[in-house]
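Only one structure is covered here, and it is reproduced in the block below.
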Amino acid sequence: MKHRVLWITLGLLVLATGVAAAGGTRVFYRLYHREGASWIQYFPGDAFPVGGNLPGTNRWRYTYELMNDTGPGSVNTLYVFFNGDGGQHSDFPPVGVSAPGGWTPTYIAPPSGQEAWRERFRGLAAPVAVGASLEGYLVEFTWEDPVLPGPQSYDAVFTTGSETGTTTPRKPEVAVTRTSWGKLRNLYR
């Protein structure tokens with residue numbers, strides 16, 4: 001009975017901290033849409049921008065942050081998948097790609113007759129050690145569906161194997177402002 005309580009407690013702790021029980025990596029993404037001369041960030045649940053899927057106004061960008069929380073070693077390669085399944089990801093090759101210092105991006109075309117493509121980021125000279133994170137992975141692409149691009153599959157490769165997961169949207173950073181109770185009540189009158 002004591003062991004069962006311990007495992008249940010450990011499981012709840014893992015869920016509460018947001019660390020996947022089966023894996024040691026997480027990949028967060030931020031999604032941006034090109035609007036005029038600016039990149040505007042979008043979050044899940046936001047309204048789709050008018051014309052955001054039409055030629056000339058359908059440029060989108062993902063930026064990624066790789067976190068190696070408790071992996072079995074350093075991450076030296078990250079694959080991000082763009083599945084051409086008619087609804088969730090771009091059916092087209094990237095328009096632009098960049099990687100953090102010490103990492104090299106490579107476009108991997110889909111097999112003949114398929115639409116799915118992937119981007120490989122390799123950092124053999126600058127792997128992400130256990131307990132570390134790295135930002136700066138970027139993929140720009142065109143998009144024709146009238147819905148926001150969503151999470152993607154990824155593979156994080158260690159020297160001893162790999163781990164598959166799904167990217168997670170990076171939550172917006174909210175500034176906390178200290179306000180008196182009187183000011184708060186006035187907001188709701």
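A short reminder: the numbers here are calculations on the coordinates, not readings from a lab. As the structure is a prediction and not an experimental result, all values here were calculated from the model. Every residue, glycine as well, gets a Cβ built from its backbone with ideal geometry; the counts of neighbours run over all protein chains shown.
Please give me the summed charge of the neighbours of E140: other residues whose Cβ is under 10 Å from its Cβ, Lys and Arg +1, Asp and Glu -1.
So the surrounding residues net to +3.
In which sequence would Y64, Y29, Y42 go, from the one with the fewest C-beta neighbours within 10 Å to the one with the most?
With the fewest neighbours first, Y64, Y29, Y42 line up as Y42, Y29, Y64.
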